[in-house]
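Visitor: A single structure is presented below for examination.
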Amino acid sequence: MSDSSVHGHSPVRTGAEPFYAPGGRVGILLSHGFTGSPASMAPWGRFLAELGHTVAVPRLPGHGTTWQEMNTTTWRDWYGEVDDALTELRSQCEWVAVCGLSMGGALALRLAEQRPEDVDALVLVNPAIALKRRDLLAVPLLSRFVPSLAGVGNDIKLAGQDEVAYDRTPLKALASQLQLWRDVRENLEQVTAPLLMFRSVEDHVVDEITARLVLDGVSSSQVELIELRDSFHVATLDHDAEFIMETSAQFIADHAPTP
């Protein structure tokens, strides 16, 4: 049960609760995406926890409650949450990987940019740090007059899955996300961690521009891109979820120190 309602925040939706599992000396931080919730990452987190790792799936502020509440938060709030989670993992673990879906990928990249000594590996699933859509240019102005637009959640090919996302896109929050993207793009060369990226060939939320920017921009000596042919944007809950879990676990095993 969340105590957030005590502080005047909306209660956390069922399924959107953060996930944490104590484990061994390898830590893994997983970040969900914009307007999504830990529901998109919890199965992956549980899979990694069962392998004996210490796993954290935080709930980003303003997520998993109401889109109106999310409109009162900014990218610095979201980044602050994953930054704190990384600090907590580093206090318990000797090696930490950061995994991110969509905007969670942008937050993961920023952690690797700002704290290269604390991020030992990166796993990104359909990350977002740019879009080709021209209408995004109007968002900062539009957000002053229009509170929300149609949502982008649950772009999942597999029937019956739910990332517990909002059915509306809060525009003040979206304008803030665009600022995060710019910040991340400007510092990509600071990323040195080994990088594994999954990209859905058919994604109705992000296009191929982010993958290109990341692959061209980072300084990592090891970068691998894997294309997913049977999943949409939220691939962590889609047909390729098991493949992502197993491949990422192997990637982590290949890079983490053996006990």
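Visitor: In nm, what is the difference between 0.36 nm times the number of residues separating D207 and T87 and their Cα-Cα distance?
Guide: Contour length minus Cα-Cα distance gives 40.0 nm.
Visitor: If you don't mind, there's one more thing I want to ask. For the chain, what does the alpha-carbon gyration tensor say about shape, rounded, prolate or oblate, given a ≥ b ≥ c as the root eigenvalues, a/c under 1.5 as rounded, and a/b over b/c as prolate?
Guide: The shape class here is rounded.
Visitor: Follow-up question, since we're still on this one. Cut-off 10 angstrom, C-alpha nodes, Gaussian network model of the chain. Which of F34, F47, F198 fluctuates the most?
Guide: Looking only at F34, F47, F198, the biggest GNM fluctuation is shown by F47.
Visitor: Among S91, S219, S31, whose mean-square fluctuation peaks in a Gaussian network model of the chain (Cα, cutoff 10 Å)?
Guide: Residue with maximal mean-square fluctuation among S91, S219, S31: S91.
Visitor: Next question, about the same structure. For the chain, give the magnitude of the charge dipole about the Cα centre (Cβ charges: +1 Lys/Arg, -1 Asp/Glu; no others), in debye to the nearest 20.
Guide: Using Cβ point charges on Lys, Arg, Asp and Glu, the chain gives about 740 debye.
Visitor: State in Å² the accessible area per residue of the range 123-259; use a 1.4 Å probe, count heavy atoms of protein chains only, and round to the nearest integer.
Guide: 49
Visitor: For S31, list long-range residues whose amide hydrogen, built 1.01 Å from N in the peptide plane, is under 5 Å from its own amide hydrogen.
Guide: Those qualifying (amide H under 5 Å, at least 5 residues apart or on another chain) are C99, G100, L101.
Visitor: Moving to a separate point now. Summarise the accessible area of the range 1-150 (1.4 Å probe, protein heavy atoms) by the percent that is carbon and sulfur.
Guide: Answer for the range 1-150 is 55 percent, counting heavy atoms of protein chains only.
Visitor: What accessible area per residue comes out for the range 15-79, rounded to a whole number of Å², with a 1.4 Å probe?
Guide: Computed with neighbouring chains in place, this is 33 Å² per residue.
Visitor: Under the rule of at least 5 residues apart or a separate chain, name every residue whose amide H is placed under 5 Å from the amide H of V223.
Guide: Result for V223 returns L195.
Visitor: How large is the helix-only mean residue ellipticity at 222 nm for the chain, computed as the sum of -39500 (n - 2.57) over DSSP H runs with n ≥ 4, divided by its residue count, in deg cm²/dmol to the nearest 500?
Guide: So the calculated ellipticity at 222 nm is -10000 deg cm²/dmol.
The values are calculated or read from the model by the stated rules, or taken from the named source; none is laboratory data. What you see is a predicted model, and the numbers here were worked out from it, not measured in a lab. Heads up, the Cβs are rebuilt from the backbone with ideal geometry, glycines too, and the neighbour counts pull from every protein chain shown. Just the protein is used for accessible areas: all its heavy atoms, side chains included, with ligands, DNA and RNA removed. Shrake-Rupley method; radii C 1.70, N 1.55, O 1.52, S 1.80 Å.
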